[in-house]
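Please treat every number below as a calculation from the coordinates, not as lab data. All values reported here derive from a predicted model rather than from experimental measurement. No Cβ is skipped: glycine too gets one built from the backbone with ideal geometry, and neighbour counts run over all protein chains shown.
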Amino acid sequence: MRNNLVHEGAGFLEYEIRQIVEHAYRMRDMGLQITWENIGDPIAMNEEVAPWIKEIVHGILNQNRSWGYCPTRGVLETREFLANQVNIRENGVKINPNDIIFFNGTADAIDKVYELVHRNARILLPAPIYSTHSSNESKRGGYKPLQFRLDPKNHWLPDMDEIRNIIRYNPQISGIGMVNPDNPTGIVYPREILEEFAEIARQNDLFLLVDEIYSHICYNGAKTFHLSQYAHDIPAIALRGISKEYPWPGSRCAWMEILNKEKDPNFSTYIDSILNAKMLEVCATTLPQLSIPQVFGSEKYPKHLKKRAAIFEKRANQAYEIFRKVPGLICHRPQGAFYMSVFFDEEIFHAGQKLPIPNPNLRNYVDQLCENVPGDKRFVYNLLGSKGICIVPLTGFATEMNGFRVTMLNTDDEKRNSLFQEIADSVTEFVNS
Ligand SMILES: Cc1ncc(COP(=O)(O)O)c(C=O)c1O
């Protein structure tokens, strides 16, 4: 090429959740049968969408307008409905329908949020973090993400003093981002910590960005506590969607709730640039937006959420009981979303650890993958080659911490439990090999 076409941040586009699939496909071509345990798609994992939700969507499909474009911000009646839902929260920030902008999935919203921040302004993120956030933050300027650590030895909670220090010594930090409830750890941040984040943002003139795609999937004692309930007067953005709740990930439908836009002129101009960028794409998908007032507004919806939370609670507790017994592993009872991160005590890895893989081609492929990679990847690739189980290494979530993530999505109780048990046994086998 006459000039270099490659974006300076291209090397930061990492999405291990799908990248591992490429390796799994190669191994499948070598005759391996794969059990997929890597992706957070309830539909791919056989969850049946509730018939009453399907009926609503069928009805909307018959409305001609569901086939057309909608306003750039999104369907007005849906934004009115959602703004009202925000406004009835106790002691929360109030918004109007223009403070909501629809996107083609939360991933699209995430892309715009980071892309339109000034190149020299940074957003502080946790480690580990769902890598769509960290990759987008890094891609913008071609720099490594700036991160605070979630502590696997303390329920994956952050050290707030560490956060204050990072902010003090990095004046380019302009916002704090997080996912609550969290992917990949499964934690729900306690109320006091969320209030502390807001206080730190206030003291340092930062905005808050919270990915709340799992906000209505809380269990094991955790309760939904929305950003609008603790942002107070801080400029902030909450990201919400229907991918995980209906669940309808194929709808590519999500929205941004913008809080306190007018409290800061610079934040306000930044938000306007996000809306202008969306205008260039015309609008987000219309049909799923039209379904939201009917689905969220149905008397069946609270029961639907409660039922799903109870299902994930049961599965999370079963997974916890299996993994907590394995020497060398540290894990915590998840309280939200449908993931659990299992952390490897650093001491347990040494060179040469392997799981048996009789097929020489597969063995060779796995050994090549394992060259110069962290211990968790060596375990995950060996597990894939040896047992055909595809999970995601924790280092795929923008962290140097070693571990792996499992999901609570397999609907077959027996298969799910025996799968978790097989992973747990494989850890012991790998460590002692
Ligand atoms: C934390 C988080 N944010 C965003 C997404 C993507 O959501 P969407 O389907 O709305 O693009 C996911 C998907 O797994 C996720 O886990």
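Quick look at the values:
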{"quantity": "Pair ASN364, ASN317: separation of 7 Å Cα→Cβ label points (nm)", "calculated": "5.0"}
{"quantity": "R0 of 51 Å, Cβ-Cβ distance ASN120-ASP412: FRET efficiency to nearest 0.05", "calculated": "0.55"}
{"quantity": "³J(HN,Hα) computed for each position of the range 413-424 - Karplus, 6.51 cos²θ - 1.76 cosθ + 1.60, integer Hz, glycine/proline x", "calculated": "4, 5, 5, 4, 5, 6, 5, 4, 4, 5, 5, 4"}
{"quantity": "Proximal charge balance of GLU90 [Cβ under 14 Å; K/R count +1, D/E count -1]", "calculated": "+4"}
{"quantity": "Length gained when the stretch ASN87-ASP425 is fully extended (0.36 nm per residue, less Cα-Cα span)", "calculated": "116.8 nm"}
{"quantity": "Principal-axis tilt of helix 16-29 within the chain, Cα atoms, nearest 10 degrees", "calculated": "40"}
{"quantity": "Residues GLU55, GLU371 arranged by fewest to most Cβ contacts within 10 Å", "calculated": "GLU371, GLU55"}
{"quantity": "Among VAL117, GLN85, ASN46 the positive-end extreme of the charge dipole of the range 18-143 (Cβ point charges)", "calculated": "VAL117"}
{"quantity": "Local electrostatic count at ARG73 - Lys and Arg +1, Asp and Glu -1, tallied over other residues with Cβ under 10 Å", "calculated": "+1"}
{"quantity": "C-alpha center-to-center spacing [the range 18-81, the range 209-237] in angstrom", "calculated": "23"}
{"quantity": "Distance in nm between pseudo-label sites at ILE330 and LYS303 (7 Å out along the Cβ direction from Cα)", "calculated": "4.3"}
{"quantity": "With Cα atoms, 0 to 90° folded angle of helix 265-280 axis to the chain main axis", "calculated": "80"}
{"quantity": "Nearest 10 degrees, 0 to 90: helix 301-323 Cα axis against the chain principal axis", "calculated": "30"}
{"quantity": "The range 64-296, relative contact order [Cα under 8 Å, separation at least 6], %", "calculated": "29"}
{"quantity": "The range 117-157 versus the range 301-363: alpha-carbon centroid distance in Å", "calculated": "23"}
{"quantity": "Total formal charge among the other residues, if their Cβ is under 15 angstrom from that of ASP367, Lys/Arg +1 and Asp/Glu -1", "calculated": "+4"}
{"quantity": "Contact order normalised by residue count of the chain, Cα under 8 Å, 6+ apart, percent", "calculated": "23"}
{"quantity": "Least to most buried among ASP211, ASP159, ASP29, ASP182 (fewest other Cβ within 10 Å first)", "calculated": "ASP29, ASP159, ASP182, ASP211"}
